[in-house]
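One structure is given here, and the rest of the page talks about it.
What follows draws every value from the coordinates through simple rules; no lab data is involved. Quantities reported herein were computed from a predicted structural model and do not represent experimental measurements. Quick reminder, even Gly has a Cβ in these numbers, built from the backbone with ideal geometry, and neighbours come from all protein chains shown.
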Amino acid sequence: MKKYQVAIIGTNIGAKHFEDFQKVSDRFIVHTLCGLTRDAIDKILVSNNDTKISLNFDDVLKVKEIDIIDICLPPHLHFSACKKSLEAGKHVICEKPLVSSLKEVDELEKISKETGKIIFPVFQYRYGLAFSKFKALIGSGLAGKPLIASLETHWNRGKDYYSKPWRGTWDGEQGGAILSHAIHIHDLVSMILGPVSNVFAKLTTRVNDIEVEDCASLSIEMEDGTLVTSSITLGAANDTSRLKFCFSGLTVESGASPDKPYNPADDEWVFLPRAPITQRQIDEVLSKVEKPKSWYAGMFDEVANKLDGKISDEVTLLDARKSLEFVTAVYSSSRQNKSVKLPINIDHPLYSSWLPK
């Protein structure tokens, strides 16, 4: 089996990527870790003597044996880094948000097709036992018709978090809680319930002295008619992520452990039947679900499956586009104080950028 050689670009969230690449070391080798300073890289590598060190992104792109560039940079650098990597003949893994507009997504799709190289956006929350169980129940037919769902992204972000000068700004972070924090939980809803039809959004800044939003309340309708509410704040006492779905035959509620806000699929979930479905039927399906790799390791495993030509459940460029389409609709709704329909096409005023003028 081929081992894919990866270069990680960035040492902040890049440290987590490096850690989880070690969990799939049968399929990946971290060839190079690239950062701004040697000290930042050394803190990640510690006793690892195999991974090379670079302080120059352009030099990394010239290394022939590197198959994948894993971009873990601030959001405003994502588009240019993805573009350069694809044009250098590399596959790309890129942290969220993939880019800063639907126009940029569409440009990357064109470059990906021209180069024959794949972009793998990062949505690591999708991977873990809880979602494997949830998808198995839906696939079994026991869940039935989706009715309603509620989401909570209640996290704590203060002065320490915003001490990095690019955070909390439109130019640096490209958005606030909608883009940088709740983007994961909204992706999970689309993964389970399908496309969004329309959204009405209220955004505000109530917690921190920053340019972008840190509180939000959303009312969402899915294409199949399911209704979803999403509550978001960066002013909670701790970090919790909570999801609840009501289907005609099943109610599903995630755990809300303060130690698992960023990997809810590894938390304990409750799957309750609604008559005539029984708990015995549910438990029978759940007993057959094998524990998968979770979080980044689970996502990387699916990247390798895709590159190997196997059946895979990787995050696609279309998934990222749908996510950013939703972000665009949310910002549009908040500014117009009205419900906005999806999809968003090239004629929409925020297609090229949702940044305020």
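With a cut-off of 14 Å between beta carbons, the residues surrounding Lys64 carry a summed charge of 0, where Lys and Arg count +1 and Asp and Glu -1. Taking label positions 7 Å along the Cα-Cβ direction at both Lys113 and Ser140, the computed distance is 4.1 nm, reported to one decimal.
Considered as an equivalent ellipsoid built on the Cα gyration tensor, the range 4-122 has semi-axes of 23, 15, 13 Å, the largest given first. Out of these labelled values of Rg and Dmax of the Cα atoms in Å, (i) 20.3, 62; (ii) 20.6, 70; (iii) 21.4, 77, which was calculated from the coordinates shown here? The listed entry that was calculated here is (i).
Rounded to the nearest 0.05, what FRET efficiency do Ser163 and Lys62 give with R0 = 25 Å and r taken as the Cβ-Cβ distance? Could you check?
Values: r = 34 Å, r/R0 = 1.37.
Once the sixth-power term is evaluated, E becomes 0.15.
Using bins of 5 Å that start at zero, the share of Cα-Cα pairs per bin across the range 185-234 amounts to 5, 20, 26, 19, 14, 10, 5, 1, in whole %. Per-residue ellipticity at 222 nm from helix content only, as computed over the chain with -39500 (n - 2.57) for each DSSP H run of at least four residues, stands at -9500 deg cm²/dmol.
Between Pro146, Leu179, Ala256, the Cα set farthest toward the positive side of the dipole of the chain (charges on each charged residue's Cβ, about the Cα centre) is that of Pro146. Straight-line reach from Lys291: which lysines have a Cα under 18 Å away, not including same-chain ones fewer than 8 places off? Leaving aside lysines fewer than 8 places away in the same chain, those within reach of Lys291 are Lys23, Lys133, Lys135, Lys260. Would you give the gap between the C-alpha center of the range 92-163 and the C-alpha center of the range 1-31, rounded to a whole Å? What the calculation gives is 20 Å, centre to centre.
Using a Gaussian network model of the chain with C-alpha springs under 10 Å, which one of Arg321, Arg335, Arg167 is most mobile by mean-square fluctuation? In this elastic network of the chain, the residue with the biggest mean-square fluctuation among Arg321, Arg335, Arg167 is Arg335. For the pair Ser219 and Asp39, label points projected 7 Å from Cα toward Cβ lie 5.2 nm apart.
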